[in-house]
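The values are calculated or read from the model by the stated rules, or taken from the named source; none is laboratory data. Since the model is a prediction, treat every value here as computed from it, not as a measurement. Note that we place each Cβ from the backbone using ideal geometry, even for glycine, and neighbour counts take in every protein chain shown.
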Amino acid sequence: MKAIFITGTDTGVGKTAISASLAAFLSLRKEINVGVMKPFESGLSRTDRDTSTCDARFLKEASGTSDTLDEISPYTFEAPLAPEAAAKLENVIIDIDVVNRTFRRLREHHDVLVIEGAGGVLVPIDTGFFYCDLIKAWDIPVIIVSRLGLGTINHTLLTNVFLQSMGISVLGVILNDTEGVNDIAAKTNPEMLRQYLNVPILGIFPYLQERTRKTMKREFLADVFADHIDTEAIMRALRT
């Protein structure tokens, strides 16, 4: 039973779009039973779970899973903050055992589990416990999602080096065109990163911000992922 963790170099880099597209690709193109998980979602009221703004709902629809939103995302916070800060503000006690049990249950019931983080790997979940600690405890490989534009070189290299220093396997980097601006940074960053990364760039995900989530159906997401990402490298990793 395989699992892949999708992390980002920062918030707003498009982790949800990449996670949903990977889930859609695996479930539709490869006919794999795919589960999804977003352990913590912030900036979302309970009533918003029925809207297109909910990341967990978007992942559920993209994967085609019948798992409930509570299974996919055990903790939801209204405050748009890191889990530790949001939980303190809302008087919620985060129980990591609950998250671990949910992870094990989802992994047991699916061939592949795609897990989306929040922010970057050093976002605190609880006192002294960060996303990187969760990934390490679960012993699963990571795909790093980075911006295509200015600033991505430093953030991407730092994230990769830090994860590997913890003994976490990094499958590769997906550069996400979040701005749709084909400037000099966007043109030169991929080659510069290839020069310094010791993991592959799996592809450049195209600019999709003009589309709303309601229009990004499973088939569309699967096709975009297949057209722009080295899916064979990901499939090889899943087979090992």
(request) Considering only the stretch 21-57, state which residues are among the hydroxyl-bearing types (Ser, Thr, Tyr), assigned to a helix (DSSP H, G or I) and farther than 21 Å from Gly119 by Cβ. (result) Ser27, Thr47
(request) Output the number of the condition that Ile4 fails; it satisfies all remaining conditions of (1) in contact with a helix residue (DSSP H, G or I) (Cβ under 8 Å, 6 or more places away or on another chain); (2) at pLDDT below 95; (3) not in a helix (DSSP H, G or I). (result) (2)
(message) If I go through the stretch 195-230 residue by residue, how many of them are under 21 Å from Asn160 (Cβ atoms) and either in contact with a strand residue (DSSP E or B) (Cβ under 6 Å, 6 or more places away or on another chain) or surrounded by 12 or more Cβ atoms within 10 Å (Cβ to Cβ) (or both)?
(response) 11
(request) Output the residues belonging to the stretch 65-105 that are without any contact (Cβ under 8 Å) to a residue 40 or more places away in the chain, part of a helix (DSSP H, G or I) and not charged (D, E, K, R). (result) Leu69, Ile72, Ala85, Ala87, Leu89, Ile96, Val98, Asn100
(request) Scan the stretch 123-132 and give yes if some residue there is over 29 Å from Ala87 (Cα atoms) and among the aliphatic types (A, V, I, L, M), otherwise no. (result) no
(request) Could you list, in sequence order, all residues of the stretch 17-54 that are under 13 Å from Ile143 (Cβ atoms) and either polar (S, T, N, Q) or free of Cβ contacts under 8 Å to residues at least 12 places away in the same chain (or both)? (result) Ser19, Ser21
(request) Select the helices (runs of 4 or more DSSP H) contained entirely in the stretch 141-240, then report the ones holding at least 1 residues which are in contact (Cβ under 8 Å) with a residue 60 or more places away in the chain. (result) 152-165, 218-228, 231-239
(request) Considering every residue within the stretch 22-32, establish whether at least one is in contact with an Asp or Glu (Cβ under 8 Å, 6 or more places away or on another chain) and of a type in the set (D, E, K, R). (result) no
(request) Under 6 Å between Cβ atoms, at least 6 apart or on separate chains: pull out the pairs that start in the stretch 121-139 with a residue that is over 20 Å from Leu89 (Cα atoms) and end on any residue that is modelled with pLDDT under 95 and surrounded by 17 or more Cβ atoms within 10 Å (Cβ to Cβ). (result) none
(request) Take Gly43 and decide whether it is more than 21 Å from Asp133 (Cβ to Cβ) and touching a helix residue (DSSP H, G or I) at 6+ places or on another chain (Cβ under 6 Å). (result) no
(message) Can you tell me which condition Asn100 does not meet? The list is (1) buried (at least 21 other Cβ atoms within 10 Å of the Cβ); (2) within 26 Å of Gln164 (Cα to Cα), and all the others hold.
(response) (1)
